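Trainee: Dropping a structure here in structure tokens format, bear with me for questions.
Where a number appears in this text, it was derived from the coordinates with a stated rule and is not lab data. Source: prediction; values computed, not measured. Because the Cβ atoms are built from the backbone with ideal geometry, glycine has one as well, and the counts that use them run over all protein chains shown.
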Amino acid sequence: MKLRFTIPILFALLPRLAGGRSADLNPPSYAPVPGKSAPRVLGAQAFTTVPLTNQIQPEWLKPPPDLFTLGPGDRVEIEVLGETGSRSVVLVGPDGKIYYNILPGLFVWGRTLSEARVLVETELGKLMRVQPEVAVILKGVESKRVWLLGSVQKPGVYSLATPVTILEAISAAGGAIRPPGSLEGVPDLRRSFLLREGQMLRVDFHRLLSQGDLTQNLYLRPEDLVYLQSDTSRNVYVLGAVAAPSVVPWSDRLSLAAAIANCRGTLPYAQLSHVAIIRGSLANPQIAVVDFSAIQKGKSSDVALQEGDIVYLPFVPYRKLAVLLEGALSQFVYAVGYNYGTRIGGGFAVGPTVPGFAPAIVPYTPAR
């Protein structure tokens, strides 16, 4: 099944600090601990909610005003009305041109169907005694698409030709499914996301799918990736400046040091004094900063991790919590989408994979 829709252009993500917080990242200090000690449990006071500027804007909830434009791979049916045998289905080639009848290649890339029709009529009119009347009908779309992955009935790549919302897209993919072993009967909506141009938009899938909150029901745009996470995984996600970014199985004994060791340790340029632990839903995450170098030196107690935590080791120093959080979330959602997309034969293969995650080893360097 294919979707048919066009999409508005939207995306703004310029993070800032939470009100009242210093712009400096100050990891919590721990008293020296002689020998080994039990992992320290981070309380709620260790985590900060950082407001991000990628809030949903009212115009994103309205159908886009732009008409569908043709691109390479699209198919159109062209017919000269009143001319028997003139009907033909043609493909928009990689060069953006269509080839119909005796006409030379006509460049239609970026043109609407109406504009393409006028172009064909004009060029045919130069070869005919009577100005022809032409019909141009869209028969297939390949130039614009959206990814629907994870816990949906029919995950895959869907074509876009007409405006479609997140709910309509999920419905066209057969709807959300109950993952095997699910306790709640629905995907893990806290870890579900909408990825656009390599960045996560702040859509609250719990409010959208469980509570029917249509303020979260954005219109999609080409190359968007909607991912509904399975809720059966009891994992911790470790990414950033580690040798092998991975999904680490969670247990109540898993600590920060153990999770990083499971990823073959840190890279030489990892910023160990500012290791981020992200907890909560992707739409409303909280972040804590831990001085892992102090843990390595025995000056701090290790930190216990919770199921679903995202651990991010930055490649470069950061002074703003929002920038650190943005880098971590961007790598998380891209790595998840990349791995699932490559498993179903999608087009996210931009480099070699690593167990559990890829390509999270690529440094993320946003403006600071």
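Trainee: At 7 Å along Cα-to-Cβ for each site, give me the label-to-label distance between Lys297 and Leu127 in nm.
Mentor: 7.9
Trainee: By how many nm would the segment from Ala261 to Ser210 lengthen if fully extended, with 0.36 nm per residue of separation less the alpha-carbon distance?
Mentor: 14.6 nm
Trainee: In Å, what Rg and Dmax follow from the Cα atoms of the range 52-125?
Mentor: 16.8, 60
Trainee: Between Thr84 and Leu61, take the C-beta separation as r, use R0 = 51 Å, and let me know the FRET efficiency to the nearest 0.05.
Mentor: Computed FRET efficiency for Thr84 and Leu61: 0.60.
Trainee: Next question, about the same structure. Can you compute the radius of gyration and Dmax for the range 109-261, using only the Cα atoms, both in Å?
Mentor: Over the range 109-261's Cα set, Rg and Dmax evaluate to 22.7, 84 Å.
Trainee: Show which aspartates and glutamates lie in cross-link reach of Lys154 when reach means a straight Cα distance below 15 angstrom and same-chain residues fewer than eight apart are skipped.
Mentor: Glu168
Trainee: Take every Cα pair under 8 Å in the range 212-271 that's 6+ residues apart, average their separations, divide by the length, and report that relative contact order as a whole percent.
Mentor: 28
Trainee: State the Cα centre-to-centre distance between the range 274-298 and the range 199-267 in whole Å.
Mentor: 15
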